Amino acid sequence: MNIEYFIARRIAIKSERTFSKLIVRIAIAGVMLSLAVMMLSVAIIKGFKTEIQEKVRGYIGDVRIFKFDLNNSFEQTPFVPGAETLEHLKANPNVAFFQSYATKPAIISVNDEVEGINFKGIDKSFNWDYIRKHLVSGNVINFADSAQAMKEIMISQFTANRLKLKTGDDFIMYFVQDPPRNRKFKIVGIYAVGVEEIDKGFVLGDLNVIRRLNNWGPNEIGGLEIRIKDFSKLKEVSTGIYENLEVNLRSESVSEFFPAIFTWLSLLDVNTRVLLILMMIVGVINMITALLIMILERTNMIGMLKAFGMTDYSVIKIFLYNAVYLVGIGLLLGNILGLGLGFIQKYTHVFKLDQGSYYLSYVPVELHFVDVLVLNIGIVVICFVVLILPSLLVSKISPLKAIRFK
């Protein structure tokens, strides 16, 4: 029979000391709250990064290919992608799909309002999955009828609100060139990505509109947008794509195109690490305090156990068993609290955000079993290692003085 475990269990369950009970409950609550806060912090930060990355990369792709020149304007220099480049992209196992595009600055004038915008031209190869997820009203551009497609346009909810437009309305768009040229478009769909730089800056239309305005050839494009399968390999895949391009082309990753957003996302990792360290310190301090108080309140018992021949190591094991038991209760309650709040937020979006400031209208949560497991194991290991030090106080207690102690 494990006598140390038996005594530790009796102390934990049958304790009648009011003060130690209060301290133990505070320690358990500290571990519970520390684990729940750490779990939710990791889940929320990962959710933020995933959601915002998806918003940005869903609209402009992960890697863009365009002509290698000194042109830094929003209107790209046209080129015809070579067969070698296209074959490499098709054969690349890391590439999910790629599509042609071109952009051209323009001005929308309607309802006594004027708005500068970038007309993003796309063709029938465009993948609509992302836009359909963020469609507010209407539908996507129908490329089955090429003549009709050139008259259709999709705008963001931000632009629609600013210009007092809705699905089915038409307006005149003036393209910036010499001399300026205008085209009439009908709104077939309104979407809301939630990223101001995108919603405020772009509309979607037919690539052939830009080809006609700029007198391009039928196969000329402004660039290629590439979507990769695993975003965590962005740098590696982007470098590989660049190395296999024709000499007159260059590439740019989405993190280079939106450096401010991705720098902000990387700073969130720092915040998470700081919060994890602080909450771990809070939990450990609570447990150390509880263990010290239990040892001091059980000084008489410690003296008697030593007088009966129990070694310091065995007495230390009693209090370590007790501490592990309390940590276990705290972890159980912390998992229930953290996972419960996480799943509630994930499926109900009860906690809202200002989309203009955070790019999202709700607090995103991304729970992973590995993260939960690592946090639980980490707390157990750190608490056990740290609690060894205060438990060594037992070896300093003299049996004779402890029995006399009241």
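The values are calculated or read from the model by the stated rules, or taken from the named source; none is laboratory data. A quick note: this is a predicted structure, and the numbers were derived from the prediction, not measured. FYI the Cβ positions are ideal-geometry reconstructions off the backbone, even for glycines, and counts take in every protein chain you see. Ligands, DNA and RNA are stripped out before the accessible areas are found, and what is left, the full protein with its side chains, is counted by its heavy atoms. Shrake-Rupley method; radii C 1.70, N 1.55, O 1.52, S 1.80 Å.
Tabulated data for the structure shown
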| read-out | value |
| --- | --- |
| q = 0.11, 0.19, 0.20, 0.27 Å⁻¹: log10 I(q)/I(0) that the Debye formula gives for segment 76-154, counting C-alpha atoms only | -0.43, -1.11, -1.18, -1.34 |
| Around G194: net Lys/Arg minus Asp/Glu count, Cβ-Cβ under 12 Å | -3 |
| Distance from segment 112-127 to segment 155-190 (C-alpha centre basis), Å | 8 |
| Förster radius 25 Å - calculated FRET efficiency between D169 and N219 (Cβ-Cβ, nearest 0.05) | 0.15 |
| FRET efficiency estimate (nearest 0.05) - Cβ-Cβ, I26 to M301, R0 30 angstrom | 0.85 |
| Shape of segment 209-277, Cα gyration tensor, a/c cut at 1.5 | prolate |
| Virtual spin-label span in nm between R250 and L135, 7 Å along Cα→Cβ | 3.8 |
| Cα-projected label distance for S232 with L332, points at 7 Å along beta-carbon direction, nm | 3.3 |
| Two-site FRET efficiency, S109 against K200, from Cβ-Cβ distance with R₀ of 22 Å, rounded to 0.05 | 0.85 |
| Charge tally in the Cβ shell below 15 Å around K49, where Lys, Arg are +1 and Asp, Glu are -1, K49 excluded | -3 |
| Extension gain, W128 back to V270 (0.36 nm per residue minus Cα-Cα distance, nm) | 47.6 nm |
| Nearby lysines by direct alpha-carbon distance to K21 (threshold 22 angstrom, same-chain neighbours under 8 apart not counted) | K317, K406 |
| Length added when fully stretched, A144-I344, from 0.36 nm per residue minus Cα-Cα | 67.7 nm |
| Normalised alpha carbon radius of gyration of segment 310-369 [divisor 2.2 N^0.38 Å] | 1.93 |
| With every protein chain in place, segment 75-168: carbon and sulfur % of accessible area (1.4 Å) | 49 |
| Amide hydrogen neighbours beyond the local backbone of A96, cut-off 5 Å, H modeled | R227, I228, K229 |
| 3J(HN,Hα) from dihedral phi, segment 210-227, Karplus parametrisation 6.51/-1.76/1.60, rounded to Hz, x for glycine, proline | 5, 4, 5, 5, 9, 6, 7, x, x, 10, 6, 9, x, x, 10, 9, 10, 10 |
| Cα shape, segment 39-130, gyration tensor, a/c 1.5 rule | oblate |
| The chain, accessible area per residue, ligands and nucleic acids excluded (1.4 Å, Å²) | 51 |
| Identified option (computed Cα extents along the principal axes in Å; candidates (1) 102, 47, 32; (2) 64, 43, 32; (3) 64, 57, 41) | (1) |
| The chain, helix-only ellipticity at 222 nm - DSSP H runs n ≥ 4, -39,500 (n - 2.57), divided by all residues, nearest 500 | -18000 deg cm²/dmol |
